[in-house]
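Notes follow the structure.
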Amino acid sequence: MADWWSGAPDERYWCEVTDRSDVGANLWCPQRDESGKPYWSYSLIHAIAPGDIVFHYSTKRRAFIGASVAGGPVETRQIVWAPHGTIGVKKKGPREPRPGWWRPLYGYTASKLPLTLATINRPEHQEWVREWAASRGLSSAAR
C-alpha cells in the first residue's frame, strides 16, 4: 500500500473511530467485510507498530477523548463484529463470531478536555490544519 506517511518515521499516529465503552483496551476488526472480501480499512491494523500512538475518537461524544500506546503483535482471534455502515445496519439479529485481528493497547490516558470536531473546524484552527497537511505534501483531495 502506498501511504502518504511512507518514508516519514516520525509519523506514527493513528485514530480509532469507535462507539465502544472500553476505549483504549485494544484494537480489533474483522479480516473481511460483510460480503467476505478484504477491506482496506481493516488491514490497517497491520501497519500499526508497537509504540505508535492511537488517538480515540468517540462517535457518541463526537470528540477525541484520549490516547493509548499500541502493543503487539497482532493476533488472529474470533470476534463478533457489526459494522455501522449501511450493510451493517441492514442485517438484523445476533452476529456470529468470525475471524478477526486483535492488537493490544496500553496506557490509555483520557483527555481532560475532549477535542471536538466543532473545535477543530473553527475558522481560526483551519489555517493551521491546512498548513500542516501542505507541509506533508497532502493535496486537498487527500484530506
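The values are calculated or read from the model by the stated rules, or taken from the named source; none is laboratory data. Only a predicted model underlies this, so the values are computations on that prediction, with no experimental measurement involved. Cβ atoms come from the backbone with ideal geometry, glycine included; neighbour counts cover every protein chain shown.
A quick yes/no check of all residues on (1) farther than 30 Å from ALA133 by Cβ; (2) under 16 Å from the mean Cα position of the chain (by Cα):
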{"position": "TYR13", "(1), (2)": "no, yes"}
{"position": "LEU27", "(1), (2)": "no, yes"}
{"position": "ALA49", "(1), (2)": "no, yes"}
{"position": "ASP52", "(1), (2)": "no, yes"}
{"position": "LYS60", "(1), (2)": "no, yes"}
{"position": "ALA63", "(1), (2)": "no, yes"}
{"position": "ALA82", "(1), (2)": "yes, yes"}
{"position": "GLU96", "(1), (2)": "yes, no"}
{"position": "TRP102", "(1), (2)": "yes, yes"}
Of the residues that make up the stretch 71-90, is at least one in a loop (DSSP other than H, G, I, E, B), aliphatic (A, V, I, L, M) and more than 26 Å from GLU11 (Cβ to Cβ)?
yes
- Task: Evaluate the stretch 107-118: report whether one residue or more is within 15 Å of the chain's Cα centre (by Cα), in a helix (DSSP H, G or I) and exposed (fewer than 10 other Cβ atoms within 10 Å of the Cβ).
- Result: no
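Yes/no per residue for (1) of a type outside the set (Val, Ile, Thr); (2) assigned to a strand (DSSP E or B); (3) at pLDDT 95 or above:
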| position | (1), (2), (3) |
| --- | --- |
| VAL23 | no, no, yes |
| TRP28 | yes, yes, yes |
| SER35 | yes, no, no |
| PRO38 | yes, no, no |
| SER43 | yes, no, no |
| ILE48 | no, no, no |
| HIS56 | yes, yes, yes |
| LYS60 | yes, no, no |
Of the listed residues (GLY88, GLY66, GLY71), the one being touching a His at 6+ places or on another chain (Cβ under 8 Å), surrounded by 13 or more Cβ atoms within 10 Å (Cβ to Cβ) and either under 26 Å from LYS37 (Cα atoms) or at pLDDT 90 or above (or both) is GLY66
Out of (1) at pLDDT 90 or above; (2) surrounded by 11 or more Cβ atoms within 10 Å (Cβ to Cβ); (3) of a type in the set (S, T, N, Q), the one GLN126 does not meet is (1)
Q. Hey, does the stretch 2-15 have a residue that's surrounded by 12 or more Cβ atoms within 10 Å (Cβ to Cβ) and among the aliphatic types (A, V, I, L, M)?
A. no
Picking from PRO38, PRO50, the residue that is of a type outside the set (Val, Ile, Thr) and under 18 Å from ARG98 (Cα atoms) would be PRO38
